[in-house]
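Structure first, commentary second.
The values are calculated or read from the model by the stated rules, or taken from the named source; none is laboratory data. Here the structure is a predicted model, which is why all the values come from computation and not from measurement. Note: ideal-geometry Cβ built from the backbone for every residue, glycine included; neighbour counts use all protein chains shown. Areas reflect the complete protein model, heavy atoms only, side chains present, ligands, DNA and RNA absent. Shrake-Rupley method; radii C 1.70, N 1.55, O 1.52, S 1.80 Å.
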Amino acid sequence: MIQVIDLHKSFNGQAVLDGINLEIPTGKITVVIGKSGVGKSVLLKHLIGLLKPDRGQVLVDGLDITKLQGRKLQDLKKRFAVLFQGGALFDSLNVFENIAFPLREKARLPEGEIVRRVHERLEQMNLSLEAGKKFPDELSGGMKKRVALARAMIQEPEIILFDEPVTGLDPPMSNTVFHLIKKTHAASNYTALVVAHDIPEVFSIADVVAMLHHGRIIACCGPEEIKHHPDPVVQSFIRGEPDFLEA
C-alpha cells in the first residue's frame, strides 16, 4: 500500500529522518517504535502530505504523494484518516457531532444515514447513545480516545494513521484501546500505521514492527522476531533499559 524510499528531512540543520526505507503492507497493522523525539510523528506527517521531505519518495499505490498538489493531493488524502495523539476533538461539539463531522464536511448524506452511521460507531466503541450527548471536557481520557477512533473510522478509510494512540492512559485503558484497534481492523481490514512506544503491549496488535533510531529504520519484522532481534539497540529499547550514553 505505502512505500517510503530514502526519505530525508532536517529542521534547522538537524537531520530527523536520514534515509528512511519502509514498506507498509496492504491490510496489515505496521507499528513504528522508537524513543521519544526520534522522528516517528515526523514520518507519519510525511505519509499524509503534511510535510514535504528534503528528498525521497512516499508512494501510495505507486503515486508519489510528495509530488502531488491541489486536487490530486486532496483526492489521495480522502483515502486516509488520522487518530491524533491528543484526540483533537472539537471542544464546542458534542460526541455525536464530533464523530459526524467528517460526514457533514465531506459526504452528502441524508441526516438519517449520518445518525445511523454515528450510532453504529458508538456501539462499536462500547459507547452509549447517552455518551453521544456529552462534550469532550466531560469525558475521561479513554473515552476521548474511543471517540477519536470512531471519528477516524466514520468514513471507512482505506488507511488509518495512529499517532501514539494510548498516550496518557493507564495500562487497563491502553489495553482497551489496543483491543478496539485490533477489533476494528479485523472488521474493516484497513491498512494501519501505528506510531507508539508502549512495549510490549503494542506487539499484541502488530503484524509488522519497525524500529526507528537515529533517523533510520534499523529493524523491521514480525512482533515475535523483533523480541529476539540481534541488534543490541533494539533489545535495549524493548527491555526499557536506561540510555546512559545519550542521557
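Rundown of residues vs (1) touching a helix residue (DSSP H, G or I) at 6+ places or on another chain (Cβ under 8 Å); (2) open to solvent by 20 Å² or more (accessible area, probe 1.4 Å), yes/no style:
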{"residue": "GLY27", "(1), (2)": "no, no"}
{"residue": "LYS35", "(1), (2)": "yes, yes"}
{"residue": "GLY39", "(1), (2)": "no, no"}
{"residue": "ARG71", "(1), (2)": "no, yes"}
Task: Number of positions in the range 75-91 that are loosely packed, with under 12 Cβ neighbours inside 10 Å and either of a type in the set (Val, Ile, Thr) or without any contact (Cβ under 8 Å) to a residue 24 or more places away in the chain (or both) - done: 1
TODO: Scan the range 120-130 for residues that are open to solvent by 70 Å² or more (accessible area, probe 1.4 Å), more than 12 Å from PHE96 (Cβ to Cβ) and not in a helix (DSSP H, G or I) and jot them down.
DONE: ASN126
Open item on the list: For the range 9-21, which positions are touching a residue at least 60 places away in the same chain (Cβ under 8 Å) and either among the small types (Gly, Ala, Ser) or open to solvent by 10 Å² or more (accessible area, probe 1.4 Å) (or both)?
Closed with: ALA15, VAL16, ASP18, GLY19, ASN21
Task: Cβ pairs under 6 Å, 6+ apart, first in the range 202-222 and at positive phi, second of a type outside the set (Val, Ile, Thr) - done: GLY215/ALA15; GLY215/LEU17; GLY215/ASP18
Open item on the list: Checking ASP137 against (1) modelled with pLDDT of 90 or more; (2) open to solvent by 30 Å² or more (accessible area, probe 1.4 Å); (3) outside any helix (DSSP H, G or I); (4) not polar (S, T, N, Q): exactly one of these is not met. Which one?
Closed with: (3)
Task: Selection within the range 41-55 - within 19 Å of MET211 (Cβ to Cβ) and either in contact with a Cys (Cβ under 6 Å, 6 or more places away or on another chain) or among the hydrophobic types (A, V, I, L, M, F, W, C) (or both) - done: VAL42, LEU43, LEU44, LEU47
Open item on the list: For the range 163-228, give me every one of the strands (runs of 3 or more DSSP E) that falls completely inside it and has 2 or more residues that are closer than 25 Å to GLU123 by Cβ and open to solvent by less than 30 Å² (accessible area, probe 1.4 Å).
Closed with: 191-195
Open item on the list: Taking the condition of being open to solvent by 40 Å² or more (accessible area, probe 1.4 Å) and either β-branched (Val, Ile, Thr) or under 25 Å from ILE48 (Cβ atoms) (or both), how many residues in the range 93-119 meet it?
Closed with: 10
Open item on the list: What are the pairs with Cβ atoms under 8 angstrom where one residue, in the range 93-114, is free of Cβ contacts under 8 Å to residues at least 24 places away in the same chain and the other, located anywhere, is among the small types (Gly, Ala, Ser)? Sequence gap at least six, or different chains.
Closed with: ILE114/ALA100
TODO: Could you please tell me which pairs satisfy a Cβ distance under 8 Å, a separation of 6+ or placement on different chains, a first residue in the range 162-173 that is closer than 15 Å to SER41 by Cβ, and a second residue that is open to solvent by 80 Å² or more (accessible area, probe 1.4 Å) and hydrophobic (A, V, I, L, M, F, W, C)?
DONE: ASP163/PHE84
